[in-house]
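J.: Dropping a structure here in structure tokens format, bear with me for questions.
The values are calculated or read from the model by the stated rules, or taken from the named source; none is laboratory data. All values derive from a computational prediction rather than experimental measurement. Here Cβ is always computed from backbone atoms with ideal geometry, including for glycine, and neighbour counts include all displayed protein chains.
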Amino acid sequence: MIIVNPATEEIIADIPEDNRDSIQGIYKKALAAQQAWVTVPLTERVSCIEKFFHSLEAQKDTLARILTEEVGKPLQQSYNELNGARTRIQFFLDNSEQYLAEEWITQEELTKEKITYEPLGVIANISAWNYPYLVGVNVFIPALIGGNAVLYKSSEYATLTGLHIERMMHEAGVPKDIFQCVVGKAEAGQALLDLPLDGYFFTGSFATGKKIAESTAGKLVPVQMELGGKDPLYVMDDIPDIRLVAAAVLEGVMYNAGQSCCAVERVYVHANVYDAFCEAIQAEAGKMKIGNPMQPGMDMGPLCRPQQVAVLQKQVEDALAKGASVLYKSNELPAKGYYFPITLLIGVNHSMDIMMEESFGPVVGIQKVQDDAEAIDLMQDTVYGLTAAVYGSDSQRAGAIMQRMRTGTVYFNCCDRVSAGLPWSGRGHSGVGSTLSIQGIRAFVQPKAWHLRS
Ligand code: NAD
């Protein structure tokens, strides 16, 4: 499999890909090894993960460089991702033993009752490339602590990172057959679907998630989906400093070149502050530096995948053909690499793909609304349901709006953030099931009910 640097279009690696036979072999080894892993005391499993946690810090310079080389995010954002992954792992280190401990329901009665938590078995973690560490640790850390074997199918766009994760896991003491990388593209993912695994944990697009849900439905095993979004953000008219809000919104749109599941993808602005907001966000966009992500000080690198350039181009053309206009477009881009200009569109509406389809890039539509009721209607006009954000001063007014959102997450005066202590989940086309928080620890185990009469 050829790995290309999206910033330079140069080949950076050529590595062997798994096939159906090798994946069958990986599965058999995992199945045998999991029987032993479950007998390793929970504290020892946690201690392996603690060593992995320290490796991420000790090796961060190498890991950050590799991540930037293969996905194109600015080097500082790769460091940020590694830090963020460690924060999440710390949550699992601090909380897993408590939430996986046996629970006595009654010890007083004739029949004593308790609950224990057992691993699912051998699970697939089919993962995305945009935050390979963050979305990876959401799944493989609690899965391993819970006693499962993990077949980790990293994205074909983050394979080198996946292989380093595998190496560090083994160095940390996780047995070789308990955490194994499956190297490949969609076919490798499909081969996992054909195996009799005990759970499927997927992060990626709605289109792929739907295929996976359909093909695993008959297995009757847990299937979790963390999928895409078309996340709205509403700027109310009680804003003390519109420039600060515009800067925060722009970061929510553009961080990781807009390639975040919870990136701000639609902006609605109250008519009373619309002109001021447009002026401020345009000025902020003009300050962003786009270029080689290895160079210090870059705010944005290229897109990770070449095919996404055409997807974004089509969305912008569709909007312009239907009456939108360009508020801001960056003009100087490097000659090589899969770069796309920052593009802010106004005069948009919901007949346009840019307001309805996931963009996953540095483009956004800004729509004027007359009141909160119109904002709520437009924010809800989507098949997705990952996050929704409201900016303003009045927390009660914002709370009433957030209450109405059919999303797994709501934000007040912040956006595009994930916290390990809170469940991360989507509604509708944004997914099924939760990672992180207590739910994300228990998602990888199954309860056993004990009825004990002496
Ligand atoms: P993708 O759906 O193209 O691929 C995801 C993974 O699925 C990859 O490992 C891929 O090789 C594999 N795959 C592809 N086809 C398959 C098939 N038929 N059977 C089995 N496996 C298959 O997604 P992507 O481009 O890697 O990631 C971007 C998407 O992920 C965006 O929609 C983004 O919003 C979403 N995402 C969601 C979250 C979340 O937490 N909700 C986080 C990150 C990314």
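J.: Is segment 136-153 home to any residue that is in the same structural domain as F201 (by TED's automatic domain parsing), within 12 Å of the ligand (Cβ to nearest atom) and free of Cβ contacts under 8 Å to residues at least 40 places away in the same chain?
T.: Yes: segment 136-153 contains one or more residues that are in the same structural domain as F201 (by TED's automatic domain parsing), within 12 Å of the ligand (Cβ to nearest atom) and free of Cβ contacts under 8 Å to residues at least 40 places away in the same chain.
J.: Among (1) among the aliphatic types (A, V, I, L, M); (2) closer than 30 Å to A443 by Cα; (3) not assigned by TED's automatic domain parsing to the domain that holds F444, which single condition is A276 missing?
T.: Against the list (1) among the aliphatic types (A, V, I, L, M); (2) closer than 30 Å to A443 by Cα; (3) not assigned by TED's automatic domain parsing to the domain that holds F444, A276 comes up short only on (2).
J.: Across segment 1-32, what is the total count of residues that are of a type outside the set (A, V, I, L, M, F, W, C) and not in a helix (DSSP H, G or I)?
T.: 10
J.: What single numbered condition from (1) within 17 Å of S205 (Cβ to Cβ); (2) away from the ligand (no atom under 16 Å from the Cβ) fails to hold for A158?
T.: Answer for A158: the failing condition is (2).
Yes or no, residue by residue, for (1) within 28 Å of the chain's Cα centre (by Cα); (2) closer than 16 Å to Y274 by Cα; (3) of a type in the set (S, T, Y):
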position: A319; (1), (2), (3): yes, no, no
position: K322; (1), (2), (3): no, no, no
position: L345; (1), (2), (3): yes, yes, no
position: D353; (1), (2), (3): yes, no, no
position: M356; (1), (2), (3): yes, no, no
position: V363; (1), (2), (3): yes, no, no
position: V369; (1), (2), (3): no, yes, no
position: D394; (1), (2), (3): no, no, no
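J.: Can you tell me how many residues in segment 223-254 are among the aliphatic types (A, V, I, L, M), more than 17 Å from the chain's Cα centre (by Cα) and either over 24 Å from G385 (Cβ atoms) or surrounded by 22 or more Cβ atoms within 10 Å (Cβ to Cβ) (or both)?
T.: In the first step, residues of segment 223-254 are kept if they are among the aliphatic types (A, V, I, L, M); the result is 223, 225, 227, 233, 235-236, 239, 242, 244-250, 253-254.
Among the residues that remain, those that are also more than 17 Å from the chain's Cα centre (by Cα) are: 233, 235-236, 239, 242, 244-250.
Now narrow it down to the ones that are either over 24 Å from G385 (Cβ atoms) or surrounded by 22 or more Cβ atoms within 10 Å (Cβ to Cβ) (or both): 233, 235-236, 239, 242, 244-247, 249-250.
Summing the residues that are among the aliphatic types (A, V, I, L, M), more than 17 Å from the chain's Cα centre (by Cα) and either over 24 Å from G385 (Cβ atoms) or surrounded by 22 or more Cβ atoms within 10 Å (Cβ to Cβ) (or both) in segment 223-254 gives 11.
J.: Next question. Being among the basic types (K, R), within 13 Å of the ligand (Cβ to nearest atom) and either in the same structural domain as I11 (by TED's automatic domain parsing) or under 21 Å from the mean Cα position of the chain (by Cα) (or both), is that true of even one residue in segment 84-105?
T.: Looking through segment 84-105, at least one residue is among the basic types (K, R), within 13 Å of the ligand (Cβ to nearest atom) and either in the same structural domain as I11 (by TED's automatic domain parsing) or under 21 Å from the mean Cα position of the chain (by Cα) (or both).
J.: Could I ask something else about it? Can you pull out the residues in segment 199-222 that are crowded, with 20+ Cβ neighbours inside 10 Å, more than 13 Å from A128 (Cβ to Cβ) and more than 10 Å from the ligand (Cβ to nearest atom)?
T.: Of everything in segment 199-222, just one residue is crowded, with 20+ Cβ neighbours inside 10 Å, more than 13 Å from A128 (Cβ to Cβ) and more than 10 Å from the ligand (Cβ to nearest atom), namely G199.
J.: Can you report the number of residues in segment 283-306 which are surrounded by 15 or more Cβ atoms within 10 Å (Cβ to Cβ) and not in a helix (DSSP H, G or I)?
T.: Here is the first cut: in segment 283-306, the residues surrounded by 15 or more Cβ atoms within 10 Å (Cβ to Cβ) are 284-285, 288, 290-294, 298-305.
From what's left, not in a helix (DSSP H, G or I): 288, 290-294, 298-305.
Total satisfying the criteria: 14.
J.: Kindly indicate whether any position in segment 34-49 is touching a Phe, Trp or Tyr at 6+ places or on another chain (Cβ under 6 Å), crowded, with 20+ Cβ neighbours inside 10 Å and in a helix (DSSP H, G or I). Full working, then the answer.
T.: First, pick out the residues of segment 34-49 that are touching a Phe, Trp or Tyr at 6+ places or on another chain (Cβ under 6 Å): none.
No, the conditions are met nowhere in segment 34-49.
J.: If I filter segment 62-82 down to residues being touching a strand residue (DSSP E or B) at 6+ places or on another chain (Cβ under 8 Å) and in a helix (DSSP H, G or I), which single residue comes out as farthest from A128 (Cα to Cα)?
T.: Of everything passing the filter in segment 62-82, E69 is farthest from A128 (Cα to Cα).
J.: Identify, from the list L345, L320, the residue that is in a strand (DSSP E or B), outside the structural domain of E69 (by TED's automatic domain parsing) and modelled with pLDDT of 95 or more.
T.: One residue alone meets the criteria, L345.
J.: Please verify whether segment 438-449 includes one or more residues that are in contact (Cβ under 8 Å) with a residue 12 or more places away in the chain and more than 16 Å from Y117 (Cβ to Cβ).
T.: Within segment 438-449, none of the residues are in contact (Cβ under 8 Å) with a residue 12 or more places away in the chain and more than 16 Å from Y117 (Cβ to Cβ).
J.: Follow-up question, since we're still on this one. Does V309 qualify as being under 27 Å from the mean Cα position of the chain (by Cα), closer than 26 Å to Y133 by Cα and crowded, with 20+ Cβ neighbours inside 10 Å?
T.: Spelling it out, it is not the case that V309 is under 27 Å from the mean Cα position of the chain (by Cα), closer than 26 Å to Y133 by Cα and crowded, with 20+ Cβ neighbours inside 10 Å.
J.: Separate question: If you go through segment 161-169 one residue at a time, do you hit one that is closer than 19 Å to L100 by Cβ, away from the ligand (no atom under 14 Å from the Cβ) and crowded, with 22+ Cβ neighbours inside 10 Å?
T.: No, segment 161-169 contains no residue that is closer than 19 Å to L100 by Cβ, away from the ligand (no atom under 14 Å from the Cβ) and crowded, with 22+ Cβ neighbours inside 10 Å.
J.: Another question, if that's okay. Filter segment 196-255 down to the residues that are touching a Phe, Trp or Tyr at 6+ places or on another chain (Cβ under 8 Å) and of a type in the set (S, T, N, Q), then identify the one that is nearest to G136 (Cα to Cα).
T.: Q224
J.: What are the residues in segment 379-388 that are crowded, with 18+ Cβ neighbours inside 10 Å and either farther than 21 Å from G433 by Cα or of a type in the set (K, R) (or both), if any?
T.: Filtering segment 379-388 for residues crowded, with 18+ Cβ neighbours inside 10 Å gives 379, 382, 384-388.
Result: M379, single match.
J.: Listed residues A257, A280; which is at positive phi, more than 11 Å from the ligand (Cβ to nearest atom) and buried (at least 19 other Cβ atoms within 10 Å of the Cβ)? Show your work before the answer.
T.: Working: A280 fails: at positive phi.
From the options A257, A280, the qualifying one is A257.
J.: Now for a different question. Do we find that Q403 is over 23 Å from the mean Cα position of the chain (by Cα) and free of Cβ contacts under 8 Å to residues at least 60 places away in the same chain in this structure?
T.: Yes.
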